[in-house]
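Contents: one structure, followed by commentary.
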């Protein structure tokens, strides 16, 4: 099975979400959440923290990630673990490959011309909004 993680990073006021602008496939030219491949034998949560640090410079001291949901695509033998976390303080972002941007949570993440994921990003953000108090613990 091909394993990946995806990370929903919220600013400390829970008004914005961090996105990367894809400069290569998949989803070249679209905004996506940060994340990446889970290495064989790697702990899933540790993999999310590793990818988050590599792509943004955000470390464990500034965010606490929580397992949020999974997606599984059986025909292509792929599974994605989705994590969510709120920053505890302002951070200076350090881009690895893709440029990073903050988007308002009121953005239309279902706009398939701008955002990756075939609408899944919009779905995840809406689930967060509906169940915020159960998902993010202050």
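Restricting the calculation to Cα atoms, segment 2-135 yields a radius of gyration followed by a Dmax of 13.8, 41 Å.
What translational D, rounded to a whole number of µm²/s, comes out for segment 75-138 from Stokes-Einstein when the hydrodynamic radius is the Kirkwood one over Cα pairs, at 25 °C and 0.890 mPa s? Rounded to a whole number, D works out at 172 µm²/s. Its relative contact order, with pairs defined as Cα atoms under 8 Å and 6+ residues apart, puts the chain at 30 percent. If you run the Gaussian network model on the chain, springs between alpha carbon atoms under 10 Å, then out of 91, 34, 17 the most flexible one is 91.
Stretching the chain fully between residue 93 and residue 105 yields a gain of 2.4 nm (0.36 nm per residue, less the alpha carbon separation). One decimal place: the segment residue 44-residue 66 gains 6.8 nm when fully extended, by the rule 0.36 nm per residue minus the C-alpha distance. Given R0 = 25 Å, the distance between the Cβ atoms of residue 132 and residue 37 translates into a calculated FRET efficiency of 0.30.
One Cα centroid belongs to segment 102-138, the other to segment 27-70; the line between them spans 17 Å.
For the chain, a Gaussian network of Cα nodes joined below 10 Å ranks 63, 76, 121 by mean-square fluctuation, and the top entry is 76.
Throughout, read-outs are computed from the coordinates displayed, never taken from laboratory work. Given the structure is predicted, the values throughout are model-derived calculations rather than measurements. Please note: Cβ atoms are built from the backbone with ideal geometry, for glycine as well, and neighbour counts cover all protein chains shown.
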